[in-house]
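Below is one structure; the comments refer to it alone.
What follows draws every value from the coordinates through simple rules; no lab data is involved. Quick caveat, the model's predicted, so the values are computed rather than measured. Every residue, glycine among them, receives a Cβ derived from its backbone with ideal geometry; neighbour counts consider all protein chains shown.
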Amino acid sequence: MKDLLMNFNLEKDVFGNIKLVLDDGQSYDQVRIIRAFPISDPENGFSIVNQDGHELVWFESIDQLSEDNQRIAHSSLEQIEFIPVISKITDLNTYALPSIWEIETDRGLTKLKLKTEQDIRRVSSEALLITDANGIQYLIKNRKTLDKFSKKVLDRFM
C-alpha cells in the first residue's frame, strides 16, 4: 500500500509552509493537511488541499506515508488542531447556568465557562463536544468511561 502513495513528497520550509511535490514534477506551495473526520474518526481519511481548499491528494492513513511525510503530516496537524480532551470534571461552582467547570484535560488542568446546555453537543453515541464561553472546544471521547462525578455533572446539563 505504501507504493501506491509514493507518488508525492512533502517538504517543509523554514517558515513552516508545506510544499507538495508529485512524482511527475508538479508542485504546490503552501498546502494544508486536513482530517476528513477530525472528531468521529481522526485516524482515517486525510486530504492535502491547496490554498483555495481544493483537494490535491487523498490518503486513508498517515501510516501509508513515508517516514519523512509522516513527520511533516503530524507536525502540520498538531499546529492547526487544538481540541483538548477532557478526562475528568473535578469541580463546578453551580448547577445553574452559567457555570464554571474545573476540568482535567490531556493538556493539563483548566476551567471552562458553560453558558447554555446547547454548548454541549453529541458527536457520536459516546463522544461530546463542549464549547466554552470563549469559543474553545473541548472533547469528551467516551462519556461512559468518565468517573461518577463527571457523569453526574454531564447528566445535569444534557
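Each Lys and Arg contributes +1 and each Asp and Glu -1, all at the Cβ; summed about the Cα centre of the chain, the dipole is approximately 1120 debye. Of Trp101, Trp58, the sequence from fewest to most neighbouring Cβ atoms within 10 angstrom is Trp58, Trp101.
Return the tail of the calculated pair distribution for the chain, meaning the percent of Cα-Cα pairs more than 27 Å apart. Taking all Cα-Cα pairs of the chain, the fraction more than 27 Å apart is 40 percent.
In terms of other Cβ atoms within 10 Å, Ser125, Ser76 run from fewest to most in the order Ser125, Ser76. Is region 3-80 rounded, prolate or oblate when judged by the Cα gyration tensor, a ≥ b ≥ c being the square roots of its eigenvalues, rounded requiring a/c under 1.5 and prolate requiring a/b larger than b/c? The shape class here is rounded.
In this Cβ point-charge picture (+1 for Lys and Arg, -1 for Asp and Glu), region 116-158 has a dipole of about 240 debye about its Cα centre.
Taken about its Cα centre, region 67-116 carries a charge dipole of roughly 360 debye when the Cβ of each Lys and Arg holds +1 and the Cβ of each Asp and Glu holds -1. Annotation: for a label point projected 7 angstrom from Cα along Cα→Cβ of Thr110, residues of region 65-94 with backbone N closer than 15 Å are 79-90. In order along region 96-107, the phi-based Karplus estimate (6.51 cos²θ - 1.76 cosθ + 1.60, θ = phi - 60°) of 3J(HN,Hα) comes to 8, 9, x, 9, 9, 9, 9, 9, 9, 10, 5, 10 Hz; Gly and Pro are listed as x. Lysine pair count for the chain (Cα-Cα distance under 12 Å; residues 8 or more apart in sequence or on different chains): 7. When you restrict to C-alpha pairs under 8 Å that are six or more residues apart and normalise by the size of region 75-158, the relative contact order lands at 26 percent. Ordering of 81-89, 24-32 by packing is 81-89, 24-32, highest average first (other Cβ atoms within 10 Å, averaged per residue).
Over region 3-80, Cα pairs under 8 Å with separation of 6+ residues give a relative contact order of 23 percent. Measuring nothing but how far apart in sequence close Cα pairs (under 8 Å, 6+ apart) lie, relative to its length, region 3-158 scores a relative contact order of 13 percent. Between helix 67-80 and the chain there is an angle of about 40 degrees, using the helix long axis and the longest principal axis of the Cα atoms.
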